[in-house]
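The values are calculated or read from the model by the stated rules, or taken from the named source; none is laboratory data. Since we're looking at a predicted model, the values are computed, not measured. Heads up, the Cβs are rebuilt from the backbone with ideal geometry, glycines too, and the neighbour counts pull from every protein chain shown.
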Amino acid sequence: MAIEPLVICLSPSGEAVAHRIAAALGLRVHGRAGRVERADVHFANALDHVRELFVAGVPLIGVCAAGILIRAVAPVLNDKRVEPPLVAVPDDGSAVVPLLGGHRGANRLARRVAEVLNGHAAVTTAGDVALGVALDEPPAGYRLANPEDAKSVMMALLSGAGTRIEGESLFDLPHDPAGKVVLCVSDAAIEGSSVRLVYHPARYVLGLGAARNCPEAEMWQLAEAVMARAGIAKGAIAAVVTLDLKADELAILAVARRLGVPLRLFDAAMLEAETPRLQSPSEVVFAEVGCHGVAEAAALAMVGESGHLRVAKQKSDNATAALAEAVAPLAELGGRSRGKLAIIGIGPGQASWRTPEASRLVAEAEELVGYGLYIDLLGPLAYGKRRSDFPLGGEEDRCRYALEQAGLGHSVALICSGDAGIYAMGALVFELLDRDQAAGGVSDAARRVEVVSTPGVSALQAAAARAGAPLGHDFCAISLSDLLTPREDIVGRIKAAAEGDFVIAFYNPVSTKRRTLLAEARDILLAYRPGETPVLLASSLGRPDEELRYRRLDQLAVDEVDMLTVVLVGSSQSRLAMLGEGARMYTPRGYARKIDGNLV
């Protein structure tokens with residue numbers, strides 16, 4: 001899913017310009033609380049707000065001083081190849097300055113804003129200034145085959161080399177028959193160089209069908225053969241298309257991935273409508289999936305009535321492939337995408353502890369699903385997105401809903417605190433996918449979605465970092481909730497961890513109704529480690545009301561622990577040191593013995 005730009009406004013004097021831009025481009029306005037009256041979203045701290053959105057990959061149009069935007073993003077600048085567009089507009093709209101992402105859409109975005117404001121786009125990239133073009137940013141529907149050569153070609157043009165245009169002219173540059181720089185637009189696989197840029201019009205669609213578990217090598221070999229038969233380059237393929245029942249076919253997914261193009265899906269009814277145009281309709285296929293063809297029909301459905309088959313269905317033992325040609329490059333694609341569920345651990349809630357990958361996946365999602373508090377902790381990333389809140393205790397309903405929404409072709413983010421794979425929703429998602437539908441599993445459509453999981457800072461990691469290094473040696477985590485795990489199993493695990501002398505992180509230590517297991521755990525541990533063993537009670541980690549308290553094991557009181565507390569119990573080797581910055585808890589690894597020469 002493409003991430004829509006946002007308009008940032010910091011003062012009343014810029015409100016009119018901000019809303020003018022937003023109205024013309026169909027964007028939302030985020031405004032500084034207490035200063036900007038009208039905004040879709042208000043925020044308190046401009047630097048934090050801009051920085052968090054930028055890290056998530058959100059293109060930004062800031063109606064404010066350029067220096068504010070620069071100070072906001074400077075600490076997180078890393079790789080210009082992945083940074084989103086960042087555009088500055090003064091409050092009076094007199095200029096539009098693309099600050100970052102010039103060749104990732106910022107220059108184009110700046111020009112669009114300038115047109116809205118009847119102003120000037122102050123583009124500073126060399127090619128745009130001298131020639132008025134960005135050669136590595138072709139029009140929609142075209143692909144540059146050798147982007148690594150764009151810089152050298154641009155330098156040659158700036159040095160006075162003429163431009164020889166072969167095929168269609170994509171840029172407003174004069175044609176010089178004797179030019180040393182070549183801009184070539186072709187369907188064919190032509191080699192580029194330091195003085196030749198090759199552009200492919202993406203007007204071809206590769207339709208694929210497959211028997212279940214078709215070998216990836218077989219499918220790729222067939223796809224290559226079809227493209228070779230048509231004499232077209234891989235860069236001329238706009239999309240790989242197939243029947244929605246094949247959304248999870250690994251061989252088809254591999255072809256789309258190798259070509260670097262989207263996979264688009266059509267249902268059987270849409271493909272059956274293409275039957276009159278098929279060159280090889282099949283009753284066998286109709287009996288199997290409800291349409292008379294997959295590869296040809298899917299390709300034709302994408303290129304529309306004005307398109308045609310370039311290569312009719314080709315077959316191998318387990319695969320079929322066909323190629324259709326559109327009358328013009330396909331800047332927009334039909335069908336639907338394969339659904340995606342991102343299982344996201346956002347850490348304890350503090351934005352600076354959330355990984356950039358997690359922020360990016362949230363920004364890309366169409367819908368956020370989760371416990372309401374966790375979604376609220378996302379702050380600006382959640383604003384303007386469709387969200388579905390579920391209460392505590394509704395975990396299975398939450399995961400099932402997220403999977404079924406993804407099964408409809410949507411991009412869904414399932415939001416978890418900490419790490420999604422540690423006492424969170426990750427395991428339940430995969431359990432539902434693994435469970436038979438008759439036994440309460442999810443639909444077949446939900447089983448075909450793409451599922452990705454991104455790590456987050458877990459509560460035990462956050463607590464350990466705040467404390468010092470209590471997890472410096474072997475440790476384990478035990479949940480004291482007996483809602484899903486029998487009490488006797490929990491007690492058995494506590495005894496085993498006590499005997500093994502592990503540092504233990506107790507999750508879900510108490511609830512309003514469950515108050516005795518933590519005390520029982522304390523008494524079990526006291527039989528194996530001294531009473532002065534340090535214990536950390538860490539509450540609301542990463543949030544404004546964060547609190548750390550140290551206790552001796554023999555003085556651990558249940559009444560000062562709640563569900564927002566992680567209890568870290570040291571091993572017999574753990575220490576609580578009083579240092580200049582206060583108490584720090586750590587567990588030695590044994591380096592002192594190694595230094596003494598006792599370890600080899």
Somewhere in region 251-269, is a residue more than 21 Å from HIS292 (Cα to Cα), touching a His at 6+ places or on another chain (Cβ under 6 Å), touching a residue at least 40 places away in the same chain (Cβ under 8 Å) and surrounded by fewer than 23 Cβ atoms within 10 Å (Cβ to Cβ)? no
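Take the residues in region 352-370 that are touching a residue at least 60 places away in the same chain (Cβ under 8 Å) and closer than 17 Å to GLY384 by Cβ, then tell me which one is surrounded by the fewest Cβ atoms within 10 Å (Cβ to Cβ).
Here is the first cut: in region 352-370, the residues touching a residue at least 60 places away in the same chain (Cβ under 8 Å) are 353-366.
Next, from what is left, pick out any that are closer than 17 Å to GLY384 by Cβ: 359-366.
Working: SER359: 23, ARG360: 21, LEU361: 22, VAL362: 23, ALA363: 22, GLU364: 17, ALA365: 27, GLU366: 15.
The extreme case among them is GLU366.
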Please determine, by comparing only the residues of region 180-237 that are buried (at least 18 other Cβ atoms within 10 Å of the Cβ) and basic (Lys, Arg), which one is farthest from ALA324 (Cα to Cα). ARG196
Scanning region 19-32 for residues that are of a type outside the set (Lys, Arg) and without any contact (Cβ under 8 Å) to a residue 60 or more places away in the chain, which turns out surrounded by the fewest Cβ atoms within 10 Å (Cβ to Cβ)? GLY26
Within region 275-304, can you find the residues that are of a type in the set (D, E, K, R), touching a helix residue (DSSP H, G or I) at 6+ places or on another chain (Cβ under 9 Å) and over 25 Å from GLN221 (Cβ atoms)? ARG277
Per the filter on region 434-454, residues crowded, with 17+ Cβ neighbours inside 10 Å and under 23 Å from the mean Cα position of the chain (by Cα) are ALA445, ALA446, ARG447, ARG448, VAL449, VAL451, SER453, THR454
So in region 517-543, with the set limited to residues that are of a type in the set (Val, Ile, Thr) and more than 42 Å from the chain's Cα centre (by Cα), which one is farthest from ALA462 (Cα to Cα)? ILE524
Has region 115-138 got any residue that is in a loop (DSSP other than H, G, I, E, B), under 20 Å from LEU173 (Cβ atoms) and modelled with pLDDT of 90 or more? yes
Pairs please, first residue from region 274-286 and of a type in the set (Phe, Trp, Tyr), second anywhere and at pLDDT 95 or above, Cβ atoms under 8 Å, 6+ apart in sequence or on different chains. PHE286/GLU272; PHE286/HIS292
Could you look through region 473-493, keep only residues that are assigned to a helix (DSSP H, G or I) and of a type in the set (A, V, I, L, M, F, W, C), and pick out the one that is farthest from GLU364 (Cα to Cα)? VAL491
Close pairs (9 angstrom Cβ cut-off, 6 or more residues apart or separate chains): at positive phi and outside the structural domain of ILE346 (by TED's automatic domain parsing) in region 525-552, part of a strand (DSSP E or B) and small (Gly, Ala, Ser) anywhere: GLY542/GLY347
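Matching residues to (1) under 26 Å from the mean Cα position of the chain (by Cα); (2) touching a residue at least 40 places away in the same chain (Cβ under 8 Å):
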site	(1), (2)
LEU10	no, yes
GLY14	no, yes
ALA72	yes, no
VAL97	no, no
